[in-house]
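A short worksheet on the structure shown next.
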Amino acid sequence: MRTYVILKADGSGFSGDRSKGTGPGPPSSGSLVSERLSERDAARLRSDDGIALMCPSMETALPEPLADPAYGVAGAWGIDAVGAGASRFTGAGVRVAVLDTGIDAAHPAFTGVRLTERDFSGHGNGDRNGHGTHCAGTVFGRDLETRIGVARGVLDVLIGKVLGDDGRGSSEMMFQGMQWAISSKVSIVSMSVGLDFTRSVTALTADGWPIGLATSTALHSFRDNLRMFDAIMRMASAAAAFGGAPLIFAATGNSSRRSERREWRMAASLPAAADGVVSVAAAEQAGAGLKVASFSNSLPTVIAPGVGILSARAGGGSVAKNGTSMACPHAAGVAALWWEAIRSEGRRATPDAVRNRLLTAAVTTPFADADENDIGQGLVVSP
C-alpha cells in the first residue's frame, strides 16, 4: 500500500484532503485528495474518467548543504546585498506564506505579526527543528541584535508545517500546504524544501530492488510528482482572476559540488523545477563582490544571499545558516517589497507583474565570472 495524491477533475476547486478539509477555494480544474491504495487499485483508478492526475507521495527533506568552514563570516549581509536596507518599502499589506518546519511563534523576531499556523506533518504546530524559524525570520523578522528581515512591514503570515521535526516530510504534505496557501489567497509563498530522490532510490535498494530498477521506479515517481506540481501551478495561475494566485518561490537545492570539480553541478530539484515557480540559487561573499555557493544547484530563475546568513533561532536569539534554503526567503522578501511598490503606483499587483519587476531589476554585476546557468537573471534587488 502506498499513499497517492489524486487530482480529481470535478471542477469543484481545491477541496483538500478528506480528513483535513481547507474549505472552498477559487474555481479551478479539479480537487486534490489523498488515498492509501494498493498497486492494483492505483492502476485501476488511473483509468477513471474523473481522475485528472495522480502520483505516489515521495519523501521530502530540507536541502542540506555541505558543512564548509570556508563559507564566510556569518551575518545579516544579505539585507544590504539585496538593497532592502535602502528601500523605502517594507512589504506592508502583503500576505505571505512560509511552508517549512513550522515557526517559533514566541520568538521576539515575530512580535506583532499575525501568524496562522497549520500542521500537515502530524508533528504538531511549532518548530522543533529550527529551519522554518530561520527562513521566516529572513522574510519578515523584526530586528534582533541587527536587522534580519527583508520585509519587516509584513503583518499577516501563514505558516504551513510541511516538514516534521526531523526535517522530513512527503510531497503529499507539500501539495496540501500549497493548496492551503493558494486557497487562503496569500500573495507570496516561500518554500525551502525539496523532493528526496536519492532517499527514494536508497529505500528501494534496501528492500532488495536492483539498483537499475530502483532508479527507474524512483524516476517514474519523480516524473509524476513533477506533473502534479505543474498542474497545481496551472490551477494557481487560473485562480489569479479571483485573487487567489500567489507568486511561489523555492530553493534550487544544495547537491552541487563545485568545490571538488567545476562541472559537478546538479540542476534545480522539485518544487523549484516546476512550471511557474521562481527558483532561487545561493550566493556568497567574495571580496567586494559575490560568487555562486559551491553547493548551489544550477538552472535557477534568480540568485540571492545564502551563505553565513544570520536569522532567528528557534528557542530564542539568532544563528547563522548556509544553503539555498536561506537564499529563497531573501527573494520572497524582496518580492513582498515589489508587491507594495507596484501598489504604491496605483497599479494592481499580480504575480506576473511582481515577477516581471523582480527579473527586470535583477543584476549580474556583483558576479565577476557570471554563468547564466548558475545565477539565472541575476541577484534579486529591492525597489
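Throughout, read-outs are computed from the coordinates displayed, never taken from laboratory work. Just so it is clear, the model here is predicted, and its values are computed rather than measured. Because the Cβ atoms are built from the backbone with ideal geometry, glycine has one as well, and the counts that use them run over all protein chains shown.
Based on the Kirkwood radius over alpha-carbon pairs, what value in µm²/s does the Stokes-Einstein equation return for the translational diffusion coefficient of the chain at 10 °C and 1.306 mPa s?
Numbers: Rh = 20.6 Å.
Result for D is 77 µm²/s.
Throw me the Rg/Rh for the stretch 272-325, computed over C-alpha atoms with Kirkwood Rh, two decimals.
Values: Rg = 12.8 Å, Rh = 12.2 Å.
Over the Cα atoms of the stretch 272-325, Rg/Rh equals 1.05.
By how many degrees, between 0 and 90 and to the nearest 10, does the Cα long axis of helix 324-344 differ from the longest principal axis of the chain?
So the inclination is approximately 80 degrees.
So, in Å, what gap is there between the alpha-carbon centers of the stretch 313-333 and the stretch 201-264?
22
Full extension from Arg199 to Ala368: what is 0.36 nm times the residue separation minus their Cα-Cα distance, to one decimal in nm? Show your work: numbers first, answer last.
Working: separation 169, 0.36 × 169 = 60.84 nm, distance 3.60 nm.
Extra length available between Arg199 and Ala368 comes to 57.2 nm.
If you wrap the stretch 191-292's Cα atoms in a convex hull and average its projection over all directions, what's the area in nm²?
On the way: hull surface 36.2 nm².
Projected over every direction and averaged, the Cα hull of the stretch 191-292 covers 9.0 nm².
Quote the relative contact order of the chain in percent (integer), defining contacts as alpha-carbon pairs under 8 Å separated by 6+ residues. Spell out each step's value before the answer.
Values: 989 pairs, mean separation 76.3, N = 383.
Result for the chain is 20 percent.
Could you work out the Rg to Rh ratio of the stretch 108-213, with Rh taken as the Kirkwood radius (inverse of the mean 1/r over all Cα pairs)?
Details: Rg = 16.7 Å, Rh = 15.5 Å.
In the stretch 108-213, Rg relative to Rh is 1.08.
If you take the alpha carbon radius of gyration of the stretch 215-364 and divide it by 2.2 N^0.38 Å, what ratio comes out, to two decimals?
Details: Rg = 16.9 Å, N = 150, 2.2 N^0.38 = 14.8 Å.
Compared with the compact-globule rule of thumb, the stretch 215-364 sits at 1.15.
Assuming a ≥ b ≥ c are the square roots of the Cα gyration tensor eigenvalues, decide whether the stretch 285-383 counts as rounded (a/c under 1.5), prolate (otherwise, with a/b larger than b/c) or oblate.
Values: a/c = 2.20, a/b = 1.22, b/c = 1.80.
Oblate, since a/c reaches 1.5 and b/c is not below a/b.
Would you look at the GNM of the chain, springs on alpha carbons closer than 10 Å, and say which of Ala370, Ala61, Ala151 moves the most?
Of Ala370, Ala61, Ala151, the most mobile in the Gaussian network model is Ala370.
Select from the stretch 248-326 those chymotrypsin sites (Phe, Trp or Tyr not before Pro) which occupy a DSSP coil region and have at most 12 other Cβ atoms within 10 Å, ordered by residue number. Can you show the working numbers first?
Working: sites: Phe249, Trp264, Phe295; in loops: Trp264, Phe295.
Passing both the DSSP loop test and the Cβ count: Trp264.
Hey, rough spin-label estimate for Arg234 and Thr146, points 7 angstrom out along Cα→Cβ, what's it come to in nanometres?
Going from the Arg234 label point to the Thr146 one covers 4.6 nm.
Assuming 0.36 nm per residue, please report the length gained on full extension of the stretch Asp165 to Met266 beyond their Cα-Cα distance. Mind dumping the intermediate values first?
Numbers: separation 101, 0.36 × 101 = 36.36 nm, distance 2.68 nm.
The Asp165-Met266 span can extend by a further 33.7 nm.
Mind putting together the pair-distance distribution for the stretch 118-170? All Cα pairs, 5 Å bins, whole percent per bin, short to long.
The calculated distribution, bin by bin, is 4, 21, 25, 20, 15, 12, 3, 0.
Under the rule of at least 5 residues apart or a separate chain, name every residue whose amide H is placed under 5 Å from the amide H of Val94.
Leu155
Would you please give the FRET efficiency between Arg348 and Asn125, computed as 1/(1 + (r/R0)^6) with r the Cβ-Cβ distance and R0 = 35 Å, to the nearest 0.05?
Values: r = 34 Å, r/R0 = 0.96.
Using R0 = 35 Å, I get an efficiency of 0.55.
Considering amide H positions built from the backbone, and no H for Pro or chain starts, which residues 5 or more places from Gly378, or on another chain, come under 5 Å of its amide H?
The list, which skips near neighbours in sequence, is Ile303.
Highest first, please rank the peptides 32-39, 270-277, 82-89, 209-216 by the mean number of other Cβ atoms sitting within 10 Å of their residues.
270-277, 82-89, 32-39, 209-216
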